[in-house]
Amino acid sequence: LRPQVLQLPDVISEVSNLLKRLLGETVTLEVKHGRDLGAVRADPGQLEQVVANLSVNARDAMLSKATGGKLTIQTRSVPIAEIRRRGSDIMPIGDYTALEITDTGTGIPADVLPKIFEPFFTTKDPGKGTGLGLALVYSIVEEHYGQITIDSPADIERQRGTRIRVT
């Protein structure tokens, strides 16, 4: 790791042009930044990898519907009270900045959800995915002493979808 003190919106800006190409024409990208965001200490390349992997998985979920969809990347501050409610053993109590990636895809079935961070687990057809993308995301978040949570299926704009939060 080569952690640096970063502003999360700057990292999102850096990776946004790549994401627009990766997402294709049928997936709309929306980026929203919260106010009063604190700095994060992270390896910028690995943070970009997290955003790219989560976005590509979201794209695949939306393209499986054949109509595309909307990917929202949002940054927001996470107050101490929310961290206390989570009761995390990993994260010390404090103020944090979160990255949320929300899609309007098919959602993750309840029987699949517990397996998604396992290396080599994939729901894609043979030759279409390695099953390493989310395992890598989990590993990067863990190396940075962060936390990843998933809400799926979420009622996002009255469609099924998934929201992944990295704090």
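The values are calculated or read from the model by the stated rules, or taken from the named source; none is laboratory data. Note that the structure is predicted; figures quoted are calculated from it, not measured. Counting neighbours? That spans all protein chains shown, and the Cβs are built from the backbone with ideal geometry, glycine included. Quick note on the areas: whole protein, heavy atoms, side chains included, nothing else; ligands and nucleic acids left out. Shrake-Rupley method; radii C 1.70, N 1.55, O 1.52, S 1.80 Å.
Some values worked out for this structure:
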quantity: Residue in region 111-140 that is modelled with the lowest pLDDT, counting only those that are surrounded by 13 or more Cβ atoms within 10 Å (Cβ to Cβ) and of a type in the set (Gly, Ala, Ser); calculated: Gly129
quantity: Test: residue in region 57-76 that is over 16 Å from the mean Cα position of the chain (by Cα), at negative phi, modelled with pLDDT under 90 and of a type in the set (D, E, K, R); calculated: yes
quantity: Residue satisfying all of: in region 141-166; among the basic types (Lys, Arg) and either at positive phi or modelled with pLDDT under 90 (or both); farthest from the chain's Cα centre (by Cα) among these; calculated: Arg158
quantity: Verdict on Gln74 being surrounded by fewer than 18 Cβ atoms within 10 Å (Cβ to Cβ) and out of contact with any strand residue (DSSP E or B) (no Cβ under 7 Å at 6 or more places or on another chain); calculated: no
quantity: Count of residues meeting criterion [outside any helix (DSSP H, G or I) and surrounded by 15 or more Cβ atoms within 10 Å (Cβ to Cβ)] in region 1-30; calculated: 4
quantity: Residue pairs meeting the criteria (Cβ under 7 Å; at least 6 apart or on separate chains; first on the phi > 0 side of the Ramachandran plot, in region 121-135; second not β-branched (Val, Ile, Thr)); calculated: Gly131/Pro119; Gly131/Phe120; Gly131/Phe121
quantity: Test: residue in region 58-66 that is under 13 Å from Leu8 (Cβ atoms), open to solvent by 50 Å² or more (accessible area, probe 1.4 Å) and assigned to a loop (DSSP other than H, G, I, E, B); calculated: no
